[in-house]
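Here is the structure we will look at, set down as structure tokens.
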Amino acid sequence: AQSPCKLLETGKIKAVVGVPVNPGQQAGTKDSPDCTWKDAKGENRVYVSLKSRDTFNVTRAQMANSGRLTSVTGVGEDAFFVTSPAGSTAYLYALGKHHLLLLQANIPNASRQDNEAAEKALANEILPKL
């Protein structure tokens, strides 16, 4: 399996979130599907997780019940945002050829719309590699 940390270059992340980030850190084992990029203060700026493509419909159905799901166009085969109950964050779920991509961007002092735009930009960097 591909390391999720190899999917994004730190320069690309800086261009999108506006602050430099340290190289991505995989969660747990080297086979982990999760990677987080932090800034110099240790704040999470981008989080990526690769899930099985088969989980997309189940995840979408579960999230649809939350009332916080918004469909997204122009990203992958199918995609949606799930917003946090409070605050300016949203998670982007995007369906690629072989994986379900889960991505969160956290731009300093940004609106949810800014974070969502960043997530779409980063997802479009990653999806062709999957």
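Listed by first and then second residue, the pairs with beta-carbon distance under 6 Å, at least 6 apart or on different chains, first residue in region 35-57 and under 24 Å from PRO128 (Cα atoms) and at pLDDT 95 or above, second among the acidic types (Asp, Glu) and open to solvent by less than 50 Å² (accessible area, probe 1.4 Å), are ARG45/ASP39; SER49/ASP34. Inclusion of ILE107 among residues that are of a type in the set (Val, Ile, Thr) and touching an Asp or Glu at 6+ places or on another chain (Cβ under 8 Å) is warranted. Being surrounded by fewer than 20 Cβ atoms within 10 Å (Cβ to Cβ), closer than 12 Å to ASP39 by Cα and not polar (S, T, N, Q) is the filter here, so list the residues in region 12-25 that pass it. Correct list: LYS14, GLY18, VAL19, PRO20, PRO23. Scanning region 28-73 for residues that are open to solvent by 40 Å² or more (accessible area, probe 1.4 Å), outside any helix (DSSP H, G or I) and under 15 Å from LEU103 (Cα atoms) returns PRO33, LYS38, ASN44, TYR47, LYS51, SER52, LEU69, THR70, SER71.
When restricted to residues that are within 18 Å of THR36 (Cβ to Cβ) and either of a type in the set (A, V, I, L, M, F, W, C) or touching a strand residue (DSSP E or B) at 6+ places or on another chain (Cβ under 6 Å) (or both), region 101-120 contains 11. Filtered by the rule that a residue be closer than 25 Å to HIS98 by Cα and aliphatic (A, V, I, L, M), region 1-15 gives ALA1, LEU7, LEU8, ILE13.
For region 101-128, which residues satisfy the criterion of being open to solvent by 50 Å² or more (accessible area, probe 1.4 Å), under 14 Å from the mean Cα position of the chain (by Cα) and more than 14 Å from SER88 (Cα to Cα)? Those that are open to solvent by 50 Å² or more (accessible area, probe 1.4 Å), under 14 Å from the mean Cα position of the chain (by Cα) and more than 14 Å from SER88 (Cα to Cα): LYS120, ASN124, GLU125. For VAL16, indicate whether it is within 13 Å of the chain's Cα centre (by Cα) and part of a strand (DSSP E or B). The answer is no for VAL16. Among residues that are farther than 19 Å from LYS129 by Cα and either without any contact (Cβ under 8 Å) to a residue 12 or more places away in the chain or not hydrophobic (A, V, I, L, M, F, W, C) (or both), THR10 is not included.
Might you check whether a residue that is modelled with pLDDT of 95 or more, under 18 Å from THR36 (Cβ atoms) and of a type in the set (S, T, N, Q) occurs anywhere in region 82-100? No - not one qualifying residue is present in region 82-100.
The values are calculated or read from the model by the stated rules, or taken from the named source; none is laboratory data. What you are looking at is a predicted structure, and each value in this text was computed from that prediction instead of being measured. Reconstructed Cβ throughout: ideal geometry from the backbone, glycine too, with neighbour counts over all protein chains shown. For the accessible areas, the whole protein counts, side chains as well, though only heavy atoms, and no ligand, DNA or RNA atoms are used. Shrake-Rupley method; radii C 1.70, N 1.55, O 1.52, S 1.80 Å.
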